[in-house]
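Chemist: So that we are looking at the same thing, I have put the structure below in structure tokens.
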Amino acid sequence: MRSLFIACTLAVASRAQSATPPEPTLDQRVADVEAYINNSARTADVASRVAGPGPGHNGWMMTSAALVLFMTLPGLALFYGGLVRRKNVLSVLAQCMAITGVVTLLWWGVGYSLVFAPGTPYLGGLKYVFLEGVGAAPNLDYSAWISHSVWSMYQMMFAIITPALIIGAIAERMKFSAVVAFVILWMFAVYFPLAHMVWGVDGLMNGVWNGSAMIRAIDFAGGTVVHMSAGWSALVLCIILGPRIGFGKEPMAPHSMVLCMVGTGMLWVGWYGFNAGSAAAADGIAGGAFLATTLSAAIASLVWAGLEVVVFKKTSSILGMCSGAVSGLVVITPAAGFVSANGAVIIGVLAGAIPFLFCVKLKAVFGYDDALDTFGVHAVGGTLGALLTGLLANSSINANLTVANGYAKSNGLAHIVANGSLWIEQLKAIALTTVLSIVATIIIAYAIKVVMGLRASPEVERLGLDISEHNEEGYSL
């Protein structure tokens, strides 16, 4: 019996030892370090000594997440707040704050899962409901070296700012309760499906990371997902609401260009997290996106201001400089990690000129009351950026557009980039994004109009949304 016991003990010990992975060799450890430094895939079948996230990449992505939130609070809030009349400044700030809270709750509950869990080409599954399983270890579907929790929070900041952009078109006249209801429904109908289609691992339009993508489009940081979806929805919503009382008859000048300028600066700084952070690493692609973002924003600001002088025969305005800078940031967004410095310069010139035309000329021709030019800057700019990405994307800037990326090789993205036909795929993505945004917004807006009403009463609108809806004033003098 004693011999049998000893034999069994030795057998169990032997199995335990065999279950323990052997120590990695020096070559394997060096391969781990090289993969981390280069932000490449982890070496297969290696007992890694770097099993968790890489601290440098994780640190950059947490910083980027904070920068993207900084774009909404306080950047966008101050930018929009300065552009409205004094009696409505707090209403804009309240809407930005409320949207941040509402979208955060939706993201935790089901939003993240619907966007980034594997599912169908159109919508993710329920694997990550209530952020279940979203912890410190990387999600290898999206990055080998950043924590899943960090990735989820970074993407949440995109989800927050997107519906917040819409309020610029409907400022000074939509009820606070209707804004909140609209955002909740719009996130499910537009943002979650669209973000999955473009960025989800099995998304319909994810040309870079889905080897079976049916539309082989590329969108580095959200030209379609963020700017087009918000911009086209904003146009539809402002038309359904109708113009502000006195629109075209009374002066409705911005009440504080100081706040507008401060907000623009915050947006510009935060945009580095938006664009460079979309590399999902502190690597060379992030550096290229940082460069492209700077060039496009600066040049577009100068072009817009210069066009004011040429077209209106007057001096350049701070509003024009701010509008141009934001347009440059919007248009470079889908292209930031895919274009050269020269490509960014071309984008900057066009970003300053084409949205200018829509905002100062065509809006007056058609007569819609897009209060803060959300459509002219974000829909037009996002659409322009998506198309220019198809024309200017450069595989020498980003190897993910070459056959070195197995997904791009499998679905044919590498081939169409090489032969210059990527713009066709971009047009498909533009068309789908536009139709989804318009149709969903029409349905949601009229449903809310029937159930609870969209617009503040004429008395409330004349008095101002600050005191009427929030019982507070932005300034007590």
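Chemist: Mind checking Rg over Rh on the range 424-477, alpha carbons, Kirkwood formula for Rh?
Modeler: 1.28
Chemist: Output needed: percent of Cα pairs per 10 Å distance bin for the range 375-430, bins running from 0 to the one holding the longest distance.
Modeler: 25, 48, 21, 6
Chemist: Let me ask you something else. Tell me, what is the percent relative contact order of the chain, built from C-alpha pairs under 8 Å that lie six or more residues apart?
Modeler: It rounds to 21 percent for the chain.
Chemist: Something else: Please express the Cα-Cα pair-distance distribution P(r) of the chain as a list of whole percents, one per 10 Å bin, running from 0 to the bin with the greatest distance.
Modeler: Once binned at 10 Å, the Cα pair distances of the chain give 4, 20, 30, 23, 12, 5, 3, 2, 1, 0, 0.
Chemist: Output the peptides 221-227, 94-100 sorted from most to least packed, where packing is the average of other Cβ atoms within 10 Å over each peptide's residues.
Modeler: 221-227, 94-100
Chemist: Also, I was wondering about something else. Before I look further, what does the chain give for accessible area per residue, probe 1.4 Å, in whole square angstrom?
Modeler: Heavy-atom accessible area per residue stands at 41 Å².
Chemist: Which pairs break 25 Å Cα to Cα here: LYS361/LYS449; LYS249/LYS361; LYS249/LYS314?
Modeler: Checking Cα-Cα distances, LYS361/LYS449 exceed 25 Å.
Chemist: Ignoring everything except DSSP H segments at least 4 long, calculate the 222 nm mean residue ellipticity for the chain; use -39,500 (n - 2.57) per segment, divide by total residues, nearest 500.
Modeler: -18500 deg cm²/dmol
Chemist: Hey, another quick one. Looking at the chain, which longest stretch skips every one of the GluC sites (Glu not before Pro) that is in a DSSP loop with at most 15 other Cβ atoms within 10 Å, leaving the sites themselves out?
Modeler: 133-471
Chemist: Using packing as a proxy for protection, rank 254-262, 345-353 so that the peptide with the highest average count of other Cβ atoms within 10 Å comes first.
Modeler: 345-353, 254-262
The values are calculated or read from the model by the stated rules, or taken from the named source; none is laboratory data. Quick caveat: nothing in here was measured; it's all calculated off a predicted structure. For neighbour counting, all protein chains shown are included, and Cβ atoms are generated from backbone atoms with ideal geometry for every residue, glycine included. Heavy atoms of the whole protein, side chains included, go into the accessibility calculation; ligands, DNA and RNA do not. Shrake-Rupley method; radii C 1.70, N 1.55, O 1.52, S 1.80 Å.
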